[in-house]
1. Shortest first and in nm with one decimal, please list how far the A:A76 label point sits from its counterparts in the other copies (point 7 Å along Cα→Cβ).
2. Per residue, how much accessible area does the stretch B:87-155 have with a 1.4 Å probe, in Å²?
3. Among rounded, prolate and oblate, which fits the stretch A:188-236 when a ≥ b ≥ c are the square roots of the eigenvalues of its C-alpha gyration tensor, a/c under 1.5 means rounded, and a/b larger than b/c means prolate?
4. Count the net charge of all other residues whose Cβ sits under 13 Å from the Cβ of A:L3, scoring Lys and Arg as +1 and Asp and Glu as -1.
5. Using a 1.4 Å probe on the heavy atoms of the protein chains only, list every residue of the stretch B:186-201 that has 40 Å² or more less accessible area in the complete assembly than in its chain alone.
6. Across bins of 20 angstrom width beginning at 0, how are the C-alpha pair distances of chain B distributed, in whole percent?
7. Sorted by accessible area with a 1.4 angstrom probe, largest first, how do B:S169, A:S107 fall?
8. Each residue of the stretch B:217-233 in order: what ³J(HN,Hα) in whole Hz does its phi give by Karplus 6.51 cos²θ - 1.76 cosθ + 1.60, θ = phi - 60°, with x for Gly and Pro?
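The values are calculated or read from the model by the stated rules, or taken from the named source; none is laboratory data. No experiment lies behind these values; they were computed from the predicted model shown. So basically every Cβ, Gly included, is an ideal-geometry build from the backbone, and we count neighbours across all protein chains shown. Please note that ligands, DNA and RNA were not included when accessible areas were found on the heavy atoms of the full protein model with its side chains. Shrake-Rupley method; radii C 1.70, N 1.55, O 1.52, S 1.80 Å.
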Protein chains: 2
Amino acid sequence: MSLRKLLESLPIPIVQAPMAGASSPEMALAVSRAGGLGGVACAAFAPDEIARSAALVREGTDAPFSMNLLVNSPPAEPPGLDAALERLRPWYQAVGAPLPERPNRFSHDFNAQFEAVLAARPAVASFAFDLISRERVEALQAAGCYVVGTANTVAEAKAWAQVGADGISAQGMEGGGHRGNFLKGIDESLVGTLALLATVRHAVDLPVIAAGGIMDGRAVAAVLAMGASAAQMGTAFLLAEQAITSRIWQEAILEAPDDPTGLTRAFSGRYARGLENRFMREMRPVEDELPAYPVQNRLTQPLRAAAEKAGDKELLSLWAGQAVKLAERGEAGDLVRRWWDEAKAAAAELARRTSG
Amino acid sequence: MSLRKLLESLPIPIVQAPMAGASSPEMALAVSRAGGLGGVACAAFAPDEIARSAALVREGTDAPFSMNLLVNSPPAEPPGLDAALERLRPWYQAVGAPLPERPNRFSHDFNAQFEAVLAARPAVASFAFDLISRERVEALQAAGCYVVGTANTVAEAKAWAQVGADGISAQGMEGGGHRGNFLKGIDESLVGTLALLATVRHAVDLPVIAAGGIMDGRAVAAVLAMGASAAQMGTAFLLAEQAITSRIWQEAILEAPDDPTGLTRAFSGRYARGLENRFMREMRPVEDELPAYPVQNRLTQPLRAAAEKAGDKELLSLWAGQAVKLAERGEAGDLVRRWWDEAKAAAAELARRTSG
């Protein structure tokens, strides 16, 4: 067996993007049960939650699923922390919440999270934000997991191939949420899905999962025609019944104007794509000065929680991809089956078009 | 007849992007003869050259072709001209060419060019950089031309629909050469081809030609599966026999590193995508201060000519899209036929994949 075979033998070659704060283990279960590859976002989970979420999916299905981690090692005492907090004071005031104390922890311990994923032995373990070591790749493979690395550029795909990854998740610039770039800055790491998929396939002999801007079955058919082993969809699940997106996030999606997204690092210290709002706009001139992920992410957590409670979408991270306006409501398994029917119809239409 | 019908009844639904300084009327002829839609770039042509190029294509084929203009109205006496010239002095010195005199003209007269295209009556008249008036759209339609407007965003596609255009050329951010954005700034106008195609189709009831990152038959199949009426290819023709790209431009393409392109307005005063080089890198900090297209374009013309002569690719505009590494040599008509064979093979493979 190889990752390529696993992906190409899925009843439905749709991968559900693991989205911390938006997807749920229940969504992963529904997608895997429907024949796709569900993905559990583990970034915000403590080790015991990682174990429990794997157990939840396994109770419901024997089908493969993936687990995802965001690679990071926050400094114990980041410089400029007080200034960074102070900068957020007017925003905390705007939602009527107190400025938080200096946190003494910024994210879960990555090493412990890694061990929990290794122990959970999902069919696929995927990573973003940075490489993991060759030793860790081999430990996962020895445990029976395929390793997928997220790449925003060809150079990043090659770097993952070098540490022995089994496949590449090619994240085109259309995608919502955090960018995975780790070798170069954001301006040099924004490649459209079509071009990224084609050039990564050309440069690296690994199966490629295409991500970014895929919102319906037509787009699934499109990336499969390009030679992707599977299509990854994230934003397309934001209105699903199993999504844990807040009511105001969902409303913002449903009411989104044309061309609604922008990039920001103001919420988390790492560039991410979301529905443009006041916090993104007003923080843009200073966003280069903010602490890196996960520090800024931790500092704005209480702000975003308060904004959500107050129903204020202008101060909330509303991650979404460029084609978010095509998002539809539905049960996650039903959505996957619907997109696959659309993909089949698009393929049949294409066959007619090209047989003339 | 409608533009949709014209595009969908082409023997090969591949549109050759008109590229001033890179494509040629001979290329347009070869593509239209092969069954695609050839495109004559008229931006750099005087009215009599526009007439001659239409005649050249018509002598060789009865098949439809398109002609393209770049909408602009340069100021007679742009402010800051001397400073803009002065800023280029070290670059002119670097290639051993004299700093040019203040030009008294920056581009051909657009009104005269428009009249020449109208008189030439191509099957398709396409425009980029800005809208044309509803009156001009109607004049072209009355002459038997379909009007295609270039859009980088959904809002721009809607604006073209409002002036009565027959179709949209949706230019994804992957594409090489000049960006067509005219409603908002560059940062708000970079949408990936997949997302742009999907959202423009969703928002506007006009046939869409997909452009940006399409370099082979797989990508042609992909955008057709997405519902595009045709696939537009530009960078894919840069190594064609009928291309007028210089030897060093072609060499730079053949030797391009991974992830090789960037955006710059330093060469022309309008953002364009090309192979990253020294001029782009070193001018980046000041590029916002340069005069707008076509003024800066005119001021750097002798510089680029001298750099080409000296074989210095670091001072030359090397327009190319994000997937340029897939470019292949060949006769333009052969390339079109090859891509169509690839598209058919990709469609057949997709049909197998989706019939399981």
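1. Output for A:A76: 7.2 nm, nearest copy listed first.
2. Accessible area per residue: 44 Å².
3. Oblate shape, in that a/c is at least 1.5 and b/c is the bigger or equal ratio.
4. -1
5. B:L194, B:A195, B:T199
6. That works out to 31, 60, 9, 0, in percent per bin.
7. Ranked from most to least accessible, the order is A:S107, B:S169.
8. With the stated coefficients, the stretch B:217-233 comes to x, 4, 6, 4, 4, 4, 6, 5, 4, 6, x, 5, 7, 6, 10, 9, 10 Hz.
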